[in-house]
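Everything below concerns the one structure shown next.
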Amino acid sequence: TGSTGGRTSAAVTQNAEKDAAKRTAPMDLNPPRGTRDFYPEDMALRNWLFGQWRRIASLHGFEEYDAPVLETEDLYIRKAGEDVSQQLYNMEDRSGRRLALRPEMTPSLARMVLARQKSLTLPLKWFSIPQCWRYERTTRGRRREHYQWNMDVWGVGGIQAEAELLSASVSFMRSVGLTSAEVGVKVSSRGVLAELLTKLGVPDDRFAATCVLVDKLDKLPADAVRQSLLDGGLPEEAATTLLEALAVKDFDELRRIMGADSPVVRELEHLFDLAEAYGYRDWLVLDLSVVRGLAYYTGLVFEGFDRSGE
């Protein structure tokens, strides 16, 4: 007679035991690595901060918008320019579509504006407070998800847009009790780097990669950045001249290097003149090493910093 029962393999038994152990093991109550919980007291602080951002944006004539936190992966890979494509939280859905959690808001903004470009009246002044995600190594004060205050002006060709954005940024910092003695804003232009590389005979196709390396000057020693430039194919004399020029901190020296008729120098001087008229000139610091690594930055760039270095 045949047996109606079968023997269970050792592997199946082992897997079943593992599953049972997982079900009975204590649950990890920590949020996923690089993320955080917002308890009521944390939400109260966050809501206050977001409220300040919204109030200042409204006072400067900006309108709020939002977009999905989940976007098509191609939106970020097309023109990322730095390590963003390697830092994506990406996935494939059940229909085979490649998706990603947004690492930043600008590509979504561009998609939205282009989708309605025939019906929107320019200039646009929009702002958002998006949650962004990047799969990178977590460090003190840097997680894998964060919120940021985005303000964008679309359809203004001159630097008046940058002057307005800087005005809003400084107005916020003043509203929360910060002063120009505590916080400064480094101002630069990628045009300086472009003009320098052209004068040094560096091909245009090296520009984006050079921006990524120069953008690391505040994170790595100058010698390490110089070596990376050399490893990337930049001639030794060009690398030395470039780093010396990017260390310039005043307009007299900048005019000497770039020439008084340099369009980039005139543009930067005009921005500082506008800042004087707006009343926030004392917040600004000329720092040519600020270039930003993303490919869609093309002109003036700026970033805030703690003057104490803490």
Subject >> Max mean-square fluctuation residue, GNM over the chain, Cα-Cα springs under 10 Å, options Gly233, Gly177, Gly34 >> reply: Gly177
Original post:
Helix 160-175 versus the longest principal axis of the chain: what is the Cα-based angle in degrees, 0 to 90, to the nearest 10?
Top reply: 70 degrees
Original post:
How high is the FRET efficiency from Arg256 to Thr198, r the C-beta distance, R0 22 Å, rounded to 0.05?
Top reply: 0.80
Original post:
Viscosity 1.306 mPa s, temperature 10 °C: Stokes-Einstein D of region 33-109 from its Kirkwood Cα radius, in µm² per second?
Top reply: 105 µm²/s
Subject >> Per-residue [θ]222 nm for the chain (sum of -39500 (n - 2.57) over DSSP H runs n ≥ 4, rounded to 500) >> reply: -12500 deg cm²/dmol
Subject >> Contact order normalised by residue count of region 102-218, Cα under 8 Å, 6+ apart, percent >> reply: 17 percent
Subject >> region 135-199: trypsin sites (Lys or Arg not before Pro) in DSSP coil with no more than 16 other Cβ atoms inside 10 Å >> reply: Arg137, Arg140, Arg143
Original post:
Which angle from 0 to 90°, rounded to the nearest 10, does the C-alpha axis of helix 10-24 make with the longest principal axis of the chain?
Top reply: 60 degrees
Original post:
Per-residue accessible area for Arg307 at 1.4 Å probe radius, Å² rounded to 10?
Top reply: 90 Å²
Original post:
Of Lys199/Lys249; Lys219/Lys249; Lys125/Lys199, which sit over 28 Å apart, Cα to Cα?
Top reply: Lys125/Lys199
Original post:
Taking θ as phi - 60°, what are the ³J(HN,Hα) couplings along region 233-243 by the Karplus curve (6.51, -1.76, 1.60), each to the nearest whole Hz, with x for Gly and Pro?
Top reply: x, 6, x, 4, 5, 5, 5, 5, 4, 4, 5
**OP:** Check cross-link reach from Lys216 to the aspartates and glutamates: straight Cα distance under 17 Å, and skip same-chain residues fewer than eight apart.
**Re:** Glu82, Asp83, Glu136, Asp231, Glu244, Asp287, Glu303
Original post:
Between region 53-74 and region 207-277, what's the alpha-carbon centroid distance in Å?
Top reply: 31 Å
Original post:
Given the alpha-carbon gyration tensor of the chain, what are the semi-axes of its equivalent ellipsoid in whole angstrom, ordered largest first, with each equal to the square root of 5 times an eigenvalue?
Top reply: 44, 27, 21
Original post:
Name the GluC sites (Glu not before Pro) in region 117-196 that are in a loop by DSSP and that have at most 16 other C-beta atoms within 10 Å, would you?
Top reply: Glu136, Glu182
Subject >> Rounded accessible area of Asp273 (nearest 10 Å², 1.4 Å probe) >> reply: 100 Å²
Original post:
Mind checking the dipole of the chain: about its Cα centre, +1 per Lys or Arg Cβ, -1 per Asp or Glu Cβ, Debye to the nearest 20?
Top reply: 1300 debye
Original post:
Protein chains only, probe 1.4 Å: how do Met258, Met27 rank by accessible area, largest first?
Top reply: Met27, Met258
Original post:
Given the options Pro263, Pro221, Pro40, which has the most mean-square fluctuation in a GNM of the chain, springs set between C-alpha atoms less than 10 angstrom apart?
Top reply: Pro40
Original post:
Given Leu99, Gly61, Leu88, which one lies farthest toward the positive end of the charge dipole of region 58-120, if we put +1 on the Cβ of every Lys and Arg and -1 on the Cβ of every Asp and Glu?
Top reply: Leu99
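Run the numbers on the chain and let me know its relative contact order in percent, using alpha-carbon pairs under 8 Å that are six or more apart.
The normalised contact order for the chain reaches 20 percent.
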Subject >> Cα coordinate range in region 169-242, projected on the principal axes (Å, largest first) >> reply: 47, 23, 17
Subject >> Normalised alpha carbon radius of gyration of region 93-158 [divisor 2.2 N^0.38 Å] >> reply: 1.42
Original post:
GNM on the chain, C-alpha springs below 10 Å: top fluctuator among Leu268, Leu29, Leu109?
Top reply: Leu29
Subject >> J(HN,Hα) series, region 151-158, from Karplus relation 6.51 cos²θ - 1.76 cosθ + 1.60, nearest Hz, glycine and proline x >> reply: 10, 10, 10, 10, x, 10, x, x
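The values are calculated or read from the model by the stated rules, or taken from the named source; none is laboratory data. These figures come from a predicted structure and were not determined experimentally. For neighbour counting, all protein chains shown are included, and Cβ atoms are generated from backbone atoms with ideal geometry for every residue, glycine included. Only protein heavy atoms, including side chains, enter the accessible area calculation; ligands, DNA and RNA are left aside. Shrake-Rupley method; radii C 1.70, N 1.55, O 1.52, S 1.80 Å.
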